[in-house]
Amino acid sequence: MLELSTPAQYVKGVGPKLAEILAAKGIATVDDLLHYLPFRYEDRLNPRGIAELRAGEMATVIGEVRNSGLFRTRRMPIFQLTVGQGRSRLRCIFFNATYLQGKFEPGQLIAADGSATLYCSTVDMGQGSTTALAQIAAEALGIEAEAVRVVLPDTDVTPYDMGTLGSRSTFHMGHAVRRAAEEAKAKLAALAAETGAPEGSNLPIAELFRRKYGMQAGTIVGSGSFVPDYVPPDHATGLTPNATPYWMTGGSGAEVEVDTETGHVRVLRLVNVADAGTPINPRIVETQLTGAAVMQLGFTLSEEMVFTDGQLRNPSFADYKIPGIRDMPEFLTGESVAARQESGPYGAKGVGETGTFGVSPAIANAIHDAVGVRLTELPITAEAVYRALRRAAGDPLPEER
């Protein structure tokens, strides 16, 4: 039985979970442990060699080392193997590496079976960033997207990200992911050369590790960061030649039905079109555009925070009206035009907010086209439309006090 004890100085990290991790991987003896390690262990043990280590002998975590030369690690357990009357020491890393910090900086770990793990702190709130970033990593590494596992943001594990905001995930983090993957791919190429693989042979990753270590074991780590260029505006003119790495462009079209007796507006058709560069995942882009349109539909027709003497009068969804399923247009679609953002990762750029730009003016223009009244304030409620109709007819309603 392999016994693992944790020293008192272990405060956090993988130490308390070692036994659980090893058991889950079927490691129950010293023999199992040694065969699992990603290096040739003969050179790391005492002079008596591997032949004298027998299954069932004891191993204990006796301490830890920090800041190894290979990774910047929080904790690395040091195993002490009891062999007969003597002892030998073996160092082993267990899945707790961190990476240099930057504005947008993921790390990628390629395992011996050819799969990859992406560590980044972009938060997927439903926008599909996890899928898109896995696709970017897979494209750069030349593997299937299904072989990329994305670790969800965790400040104890994933590297720094300045924020998931401003439609930046695909462009900014996408660049960082691509760079991390390219670094890992370069290391794989170096490993192939070291093992004597002919250039361009495209050996499976698992085969490269077997050639290097004599077994399917080992990892390759790549990291990348992205900080966009920026030129502050001129103090005198307020102008700058480089305000943002890319611009978002979108448009909307709406068809509405207006009840002239009540002012109620019903949106029959709503079309959103955007320049998303080259979409990494076209279906996700479509759903982002329609989701953004629905959000802006609420802002346009109903959503408003009402205050009286500084007190919010509608602090719940019973009074703060968001669109329901019956408020949806009968025809709602989002499309992206054929385009390419030359500065983006694989021609892509952010699209999250693009679907909101044209919705409100499109609906306001459609109302004007239908009944001839121009509304310039949001939300465009039934009361606002009815008041505008009465004013246009020369019979305005009295103003509320």
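A few remarks follow.
- Among 109-115, 133-139, 164-170, the peptide with the highest mean count of other Cβ atoms within 10 Å heads the list, and the full ranking is 133-139, 164-170, 109-115.
- Once backbone amide H atoms are built at 1.01 Å from N, VAL148 has ALA116 as its partners under 5 Å, excluding neighbours fewer than 5 places away on the same chain.
- Between the beta carbons of LEU203 and ASP229, assuming R0 = 30 Å, the FRET efficiency works out to 0.20 to the nearest 0.05.
- Extension gain for the segment ILE325 to VAL157, taken as residue separation times 0.36 nm less the Cα-Cα distance, is 56.5 nm to one decimal.
- Our estimate of slack between ARG283 and THR260, defined as 0.36 nm per intervening residue step minus the Cα-Cα distance, is 4.5 nm.
- Cα gyration tensor category, rounded, prolate or oblate, for segment 99-223 with a/c compared to 1.5: prolate
- Cβ crowding within 10 Å averaged over residues, with 202-208, 229-235, 390-396, 356-362 ranked highest first: 356-362, 202-208, 390-396, 229-235
A short reminder: the numbers here are calculations on the coordinates, not readings from a lab. Please read these numbers as outputs of a predicted model, since none were measured by experiment. Using ideal geometry, Cβ is built from the backbone for each residue, glycine included, and neighbour counts are taken over all protein chains shown.
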